[in-house]
Amino acid sequence: MRRVSTATSIAVLFSSVVLVGGAANPAAADSSRILPAKSVGDIVADGVHKHVFISDPAGGKVLVADYSGAVVATIASLPGVTGLDLSADSGTLYAAVPGADAIVTIDTAALKESARYATGDGTDPKYPALAGGKLWFGYGSAGDGQIGSLDLTGAEPVVSLDQETSGTSWYAAPTLASAPGAPNVLAAGIEGQSPTELATYDVGSGTATRTAYSRLDGSNLHDLAVSPDGTRVVVASGAPYNHQSYRTSDLTPGVAYASDSYPNAIDIAPNGTVAAGIDGWYSPDVYVYKPGGSTTKPVRTYDFPNTGDSSGSDTLDPAGLAWAPDTSRLFAVTVNSRGVRSLRVLTDALRSVTTVKVTAPAKATRGKKLTVTGRATSNGAFAAGAKATVTRTDIESPKGKALPSVPLKPDGTFSFSDTPPAGGTVTYKVSYAGDTLHSPGSGSGKVAVSRAASSLTLNHNKALYAYGTDVSFTAHLGKTYKNRTVELWVDPYGPDKPKKLAKTGKVNSKGNLSTTVDMTRDTTVTAVFKGDGRYASKTVTSVAYAKVKVSTTVSKQYRTAKIGSTSYAYFHKKTNPAFTTTMSYYKNRSFKLSLELYYQGKWYDTGSQYFKLGTNGKAIVTLSGTHETGYRMRARASYVDGSSGDIVNSTTHGAWKYFIFTK
């Protein structure tokens, strides 16, 4: 069902010469666009206007996409539109519209319907094919299939039905296929039939004269195509698991294209290149075979990925393949498990995929020669004199340095030596630019090249400071090759203050770089030297600790006096002392209030309790109950790291406050 004009075929032959000469434009990248289609009946590519036509039987329309896959027009009011075919000059698209019992023509320049030709009530035409100067079409319902024709060469169009004159009827409307290189050959088969019936006709006289008929060793036909010279017809049937070809003269089996399970699409380009498609979740979806090449080893395969949030990979729609006449693109319609369809534009389909594997030593010594080997792999040998480019990327050449090109042996293997001037991670990238038979490909290998150890120190590790002390942290960098830059990172404890780059710059003549930190929290300071071509990177840390500010005042005493050298607050035994604690605030912080009693020359612990600190950093605790007189006591507030509700500061004890009860 996919044909191009003879004139187009000749143009393709000339363009092929240009391509071989190396003057072709660079290929565009593969692309995919969502299609607003409920179903797919057929797909045809127009090489003159650079458009792709896709019929949507369920949606009753034909979608028009450009060569990038974007839908640019919709021709509606075509109920059940199924098969499509393109005129020799690409000026007219013929569409079989069973819901209207008509063949509809579409102006491919204006992208609108130009005429309708009634085929008769209840004929349900579905599959058109141009051959022998007429448009042939399969029509009829289940149990009553036939072939008709539309002759547009006279003054008035003439529709002729019942053109199958062999005496053998078709179970349903047969799918038809032809090729411009053999204008008198017509092939026919029934989609979905098991076993598959196939027939060929000579239509040179204006009537369909059956030349061969066969019940094939296959089932569930989805698609068929005639070779450009008309000598072969290739079918895509659910079984067997290959795309089988037959001689059109007698339908004896010929070559079989070794694809995989459930073949469902076939299209043959004007130059004979075959695109074979299957309905496969776990195998490549499309197989491309070059004219006259091996039918057991495709030159290229495509495995479609998942689209959207559907399950499994996208699969090829039946009869969903079409070549651009110049073979610059292969168009494929895919569908996911949610029924979403995509038009995929596959470029560079005629060249084998090239993969490059680079094998480099895991480790090497800077300044000493190393050897890198590898292989470029593709279908078919590389031409004599083929070379790959080599790029070395290291710390001193982050954008890459070109090395001498390396020749490829016919089997794609290569080998080269290099002396890395810089240490660290060294990457060797080998790239093949591609040729007429092979696509571009590249691969890389990494080598850990030795470097001398760097000397980097940072002061004040494990030091403890009073709250709010300004501390200068100094990193000292020893000998290096070129890089003298150090980074200083400051990370205060607590999730609310992230790690920040406090300073970066070159060390001074003494090798030092400093930054000042306000020590309100425990803090990790990190010094980073990223290394250079001869000295390794190094990172050191210093963890310094900060106390909290804490003080406690006593109130409600009736006097203050010294006992010995210590000042005591005096309380009547019926007065409850109030202790006001002030502490550096942090969210959900508590403080520990401890009490001790002096007895027979020694202080004894009488208990402690944690109290929530107010958001203003203060809290008042009252000591209530029955108070014994004559005993010396003391109290203090403490922040306890990990027990006071957070870990951002180091444990800090406030000063003791002494008091005594009297009558």
Task: Among (1) out of contact with any helix residue (DSSP H, G or I) (no Cβ under 9 Å at 6 or more places or on another chain); (2) buried (at least 18 other Cβ atoms within 10 Å of the Cβ); (3) at positive phi - the single one N336 does not satisfy - done: (3)
Open item on the list: If I filter the stretch 120-142 for residues that are farther than 15 Å from A95 by Cβ, among the acidic types (D, E) and at pLDDT below 95, do I get at least one hit?
Closed with: no
TODO: Check N220 against each of (1) modelled with pLDDT under 95; (2) surrounded by fewer than 17 Cβ atoms within 10 Å (Cβ to Cβ) and name the one condition it does not meet.
DONE: (2)
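Please specify each residue of the stretch 409-453 satisfying the condition of being basic (K, R) and either exposed (fewer than 15 other Cβ atoms within 10 Å of the Cβ) or part of a strand (DSSP E or B) (or both). Lay out the reasoning, then the answer.
Of the stretch 409-453, the ones basic (K, R) are 409, 429, 446, 451.
Once the filter is applied, which keeps residues that are basic (K, R) and either exposed (fewer than 15 other Cβ atoms within 10 Å of the Cβ) or part of a strand (DSSP E or B) (or both), the stretch 409-453 yields K409, K429, K446.
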Open item on the list: Return the residues of the stretch 552-571 that are farther than 30 Å from G494 by Cβ and in contact (Cβ under 8 Å) with a residue 12 or more places away in the chain; say none if nothing qualifies.
Closed with: V554, S555, K556, Q557, Y558, I563, T566, S567, Y568, A569, Y570, F571
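Is it fair to say Y246 is among the aromatic types (F, W, Y) and either over 17 Å from V274 (Cα atoms) or buried (at least 19 other Cβ atoms within 10 Å of the Cβ) (or both)? If you could, list the steps in order and put the result at the bottom.
On the way: among the aromatic types (F, W, Y): yes; either over 17 Å from V274 (Cα atoms) or buried (at least 19 other Cβ atoms within 10 Å of the Cβ) (or both): yes.
So Y246 fits the description; yes.
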Task: First in the stretch 410-423 and assigned by TED's automatic domain parsing to the domain that holds S442, second anywhere and exposed (fewer than 13 other Cβ atoms within 10 Å of the Cβ) and assigned to a loop (DSSP other than H, G, I, E, B), Cβ under 8 Å, 6 or more apart - done: P410/A384; S417/K369; D418/K369; T419/K368; T419/K369
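Out of Y585, Y631, Y658, report the one residue that is of a type outside the set (G, A, S) and within 60 Å of the chain's Cα centre (by Cα). Let's see the steps before the verdict.
On the way: Y631 fails: within 60 Å of the chain's Cα centre (by Cα); Y658 fails: within 60 Å of the chain's Cα centre (by Cα).
Exactly one of Y585, Y631, Y658 is of a type outside the set (G, A, S) and within 60 Å of the chain's Cα centre (by Cα), namely Y585.
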- [ ] Return a yes/no flag: does the stretch 413-431 have any residue that is within 30 Å of Y481 (Cα to Cα) and touching a Pro at 6+ places or on another chain (Cβ under 8 Å).
- [x] yes
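Might you check whether a residue that is of a type in the set (D, E, K, R), out of contact with any helix residue (DSSP H, G or I) (no Cβ under 7 Å at 6 or more places or on another chain) and modelled with pLDDT under 95 occurs anywhere in the stretch 427-443?
Within the stretch 427-443 (the criterion being of a type in the set (D, E, K, R), out of contact with any helix residue (DSSP H, G or I) (no Cβ under 7 Å at 6 or more places or on another chain) and modelled with pLDDT under 95), the answer is yes, since at least one residue qualifies.
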Task: Residue among L251, L316, L321 that is within 26 Å of Q193 (Cβ to Cβ), in contact (Cβ under 8 Å) with a residue 40 or more places away in the chain and in a loop (DSSP other than H, G, I, E, B) - done: L251
Task: Matching strands (runs of 3 or more DSSP E) fully within the stretch 465-551 where at least 3 residues are touching a residue at least 60 places away in the same chain (Cβ under 8 Å) and either farther than 24 Å from G423 by Cβ or touching a Gly at 6+ places or on another chain (Cβ under 6 Å) (or both) - done: 469-477, 538-546
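Of everything in the stretch 383-403, what is outside any strand (DSSP E or B) and either hydrophobic (A, V, I, L, M, F, W, C) or exposed (fewer than 15 other Cβ atoms within 10 Å of the Cβ) (or both)? Give them in sequence order. Talk me through it step by step, then tell me what you get.
Looking only at the stretch 383-403, we keep the residues that are outside any strand (DSSP E or B), and these are 383-386, 395-396.
Of everything in the stretch 383-403, those that are outside any strand (DSSP E or B) and either hydrophobic (A, V, I, L, M, F, W, C) or exposed (fewer than 15 other Cβ atoms within 10 Å of the Cβ) (or both) turn out to be A383, A384, G385, A386, I395.
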Open item on the list: Could you go through the stretch 166-180 and let me know if any residue there is assigned by TED's automatic domain parsing to the domain that holds I43, closer than 23 Å to I268 by Cα, more than 46 Å from the chain's Cα centre (by Cα) and modelled with pLDDT of 95 or more.
Closed with: no
Open item on the list: Consider the stretch 646-663. How many of its residues are of a type in the set (S, T, Y) and touching a Gly at 6+ places or on another chain (Cβ under 8 Å)?
Closed with: 1
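The values are calculated or read from the model by the stated rules, or taken from the named source; none is laboratory data. Since this is a predicted model, take the numbers as computed values, not measurements. A quick note on method: Cβ atoms are made from the backbone with ideal geometry, for glycine too, and the neighbour counts reach across all protein chains shown.
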